[in-house]
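Colleague: Provided herewith is a single structure, encoded as structure tokens, for subsequent inquiry.
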Amino acid sequence: MTDRVTAPHGAWPSPISASDVARGTRRLGFPATAGGEVWWEEARPEEGGRTTVMRCGPDGAAAELLEAPWSARTRVHEYGGRSFLPVPRRDDKALTRFGIVFADAGDQRLYLLDRGAREPRPLTPPPPFPGALRYGDPALSADGRRVVCVRERHGEDGRVDRAIVAVPLSGRAAEDPSAVAELVTGADFFASPTPSPDGEHLAWVAWNHPRMPWDGTELRVAALGPQGAERPYTLKGGVDESVLQPVWSGPARLRFVSDWSGWWNLYEIGLTGQAVALYPDEHEFTPGPMPLGARSCVPLADGRLVVLQGDADLAPAVYDPGTLELKPLDTGEFTTWETLDGDGEQVVGLASGPRAPQSLVRLDPATGRTTVLRSSREELPDPELLPVPRRTEFSGRYGATVHATVYPPARPGGTTAGPAPYAVWVHGGPVGRATCGLDLFKAYFTSRGIGVVDVNYSGSLGFGRTYRERIAGMWGVVDVEDAEAVAQALVDSGEADPERLAVRGPSAGGYTALLAASGRTFACATSLFGVADLLQLAATTHDYESHFLDTLVGPLPGYKATYRERSPITRADRVRVPVLLLQGTEDAVVPKEQAREFAKALADNGVRHALLEFEGEGHGFGSAESVERGLEAELAFYGEVFGFTPPGVPGVELVTEYPDPELEAEPLPELEDTGPRAAPARTEDAGDGGSGGDGGGQESPELIPWSSPAGEGTTEAGTESGPPATG
């Protein structure tokens, strides 16, 4: 029998250490199938977030293809996505053997690694400066001789242009840049370049500023001729319709996902004529438009489709075009699916569940049975230590529905009298989502007696276009209201202690947490690389999101006063509760100056706070050491505020003065003025498609968008999308 725990909430002894959470997890991404084999990306925090490419043959044995220091990652649209592609090659016996094309994280060039080769060889020309030419979302041409992909070109003046290009697998473009053929230009953004199986046409998705891909995109198609894509035209989509993920169902028909009805549903269209809804439903058939290369529909050889369908959590189903029936599949413990791939004969996907780690699985469409090919973790804690999610709909302001998932404190024998402390988690959206996949970040807290509630606040993905658009013009208002409403509902139900409520979030979630700290609901706030100054963000953010704030807040300069009023830095004088700030020194999305200015403002008002900077880390923490340190600091912070001492965890010092991180700790002899420390050499933000899910802590080791646009590739520890994210 398990002994009863007499320690207070938060100080329950737990075998789940921060080291356990930070180490031993690999993030799997972008499965691909061909010739009976399976490939995938695999990011590893213990290697600084390096992403390798793996292959699994029919025998089930996994082999690593990229050895250190090679790392596969694309930075197209900054947040990236699918960075590799299996390509058929011929050996002396004329047998097809597959190599891989991949984008290298360092120089962003495309490389080809032939089967059995030790070193890859470049396919694209060297960039004029690091990261100037980026390639992503690759697809194979019908003749197997070229890779068609999105190319992003950065100028030294900061300008960015994009195109869909064809890169020959012969390698001649590495020396002759003119061998890279521009097929499609003329839009600000491109995704999903998809050659038809007969090589006669190319389909793709395009959109322009100021829209984001969940706002409005176009599915376009063109004939492929000597001059590239000729006579392009729009098949579906527009400024108020989001069309995603085209898949050819023959030489002249396309299937795709569109939210024309208000939900991302499945459609089919020919090269002319009207689109037909295959299965109208008030559920989503995609996790969203990010990251690049995610797929939620794969055809089977008999003409049926395996699709993903649901809300924030998607599950597989089989659609039969002959009967128009959709049959959900019972996949057991795997209840949260991210992406699919298949070659007509086999279907694979990335999936997780409340007690199942993210895994690469082979799916039997006839039975729903899954076979695990690779797991993100080899060992898990005792299942009784893992939180059990309770999906709930709360009533927000004016009675609007707010979706959230409650994770009560759970530990064998861990019962104490009275309501528990709770942390309200705000995902790295604002257009992101939190799912119910296994998240050891949450277990780290719930197994110690701190409850977690993960809020899919207004603007989150998974609940239709109307729910997404609630945040238009209202970022910094509805997200804060939703977080407060969920916290108050838990208090009213007797689950949560009104005096021990925390709010925390990464990136855009950190923005919401800092704003909520100026209200009266929460006793403390934790911000992980959160946005503190909207005007500064608007001035410094990258091209992909350079107009996103136009929708979330309003276009500048007309809404300048609103930007100021909704910036946490402007409301810092209203904050009366302790704040923990976790920030990477090399964050190019939300620079460290934002956290420093907020810490200074708290110090000016005598508010207790802690600013912890993580040397060399970008927007999301890549190293296991940083993840571990940040997680322990957050627990110690709650202990300091809520009045308990977590056993075995270093304390965190809360101060009311601002110790400038740039000043040397000790002066040199003779009182020499040493000045500020030299800035460290710049490192790239940690990679995409990499390690972690949403979860909790430090979004390791992804590049997490401040907007976290729907990507399971964009995540913290196991559940958020998000982008990566924040995602």
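Colleague: Please give the length that would be gained between residue 382 and residue 156 if that part of the chain were fully extended, namely 0.36 nm times their separation in residues minus their C-alpha to C-alpha distance (nm, one decimal).
Modeller: On the way: separation 226, 0.36 × 226 = 81.36 nm, distance 5.30 nm.
Full-extension gain reported as 76.1 nm.
Colleague: Computed FRET efficiency, Cβ-Cβ of residue 302 and residue 178, R0 41 Å: what is it to the nearest 0.05? Walk me through the numbers before you get to the answer.
Modeller: On the way: r = 44 Å, r/R0 = 1.07.
Efficiency, from the Cβ-Cβ distance: 0.40.
Colleague: What distance in nm separates the two pseudo spin-label positions at residue 46 and residue 7, each 7 Å out from Cα along the beta-carbon direction?
Modeller: The answer from the label model is 2.6 nm.
Colleague: Which residues in the stretch 504-520 have a backbone N closer than 17 Å to a point placed 7 Å from the Cα of residue 392 along the Cα-to-Cβ line?
Modeller: It comes to 504, nothing else.
Colleague: Based on alpha-carbon centroids, what's the gap between the stretch 397-463 and the stretch 9-49 in Å, whole number please?
Modeller: 21 Å
Colleague: Right, another one. What is the gain in length, in nm to one decimal, between residue 488 and residue 371 on full extension, counting 0.36 nm per residue of separation less the C-alpha to C-alpha distance? Spell out each step's value before the answer.
Modeller: Details: separation 117, 0.36 × 117 = 42.12 nm, distance 4.23 nm.
Computed gain between residue 488 and residue 371 is 37.9 nm.
Colleague: Here's something else I'd like to know. Modelled label-to-label distance, residue 227 and residue 61, 7 Å Cα→beta-carbon offset: nm?
Modeller: 5.3 nm
Colleague: Report the percentage of all Cα-Cα pairs in the chain whose separation exceeds 47 Å, rounded to a whole percent.
Modeller: 14 percent
Colleague: Choose one of 590, 57, 525: the residue whose Cα lies farthest towards the positive end of the charge dipole of the chain (beta-carbon charges +1 Lys, Arg; -1 Asp, Glu; about the Cα centre).
Modeller: Among 590, 57, 525, the one farthest towards the positive end of the dipole of the chain is 57.
Colleague: Considering the dipole of the chain built from charges on the beta carbon (Lys and Arg +1, Asp and Glu -1) around the Cα centre, which of 447, 217, 256 is farthest to its positive end?
Modeller: 256
Colleague: So for the stretch 154-214, averaging the separation of alpha carbon pairs under 8 Å that are six or more residues apart and normalising by length, what relative contact order in percent results?
Modeller: Working: 73 pairs, mean separation 15.9, N = 61.
Worked out over the stretch 154-214, it gives 26 percent.
Colleague: Could you give the length gained by full extension between residue 239 and residue 540, i.e. 0.36 nm per residue of separation minus their alpha carbon distance, to one decimal place?
Modeller: Details: separation 301, 0.36 × 301 = 108.36 nm, distance 2.58 nm.
Here the segment from residue 239 to residue 540 would lengthen by 105.8 nm.
Colleague: What aspartates and glutamates could a cross-link reach from residue 560, if we take a straight Cα to Cα line under 13 Å and drop same-chain neighbours fewer than 8 places away?
Modeller: Here the aspartates and glutamates satisfying the reach criterion relative to residue 560 are 533, 550.
Read the figures in this text as sums done on the coordinates, not as results from a lab. Everything numeric here is computed off the predicted structure, so don't read it as measured data. FYI the Cβ positions are ideal-geometry reconstructions off the backbone, even for glycines, and counts take in every protein chain you see.
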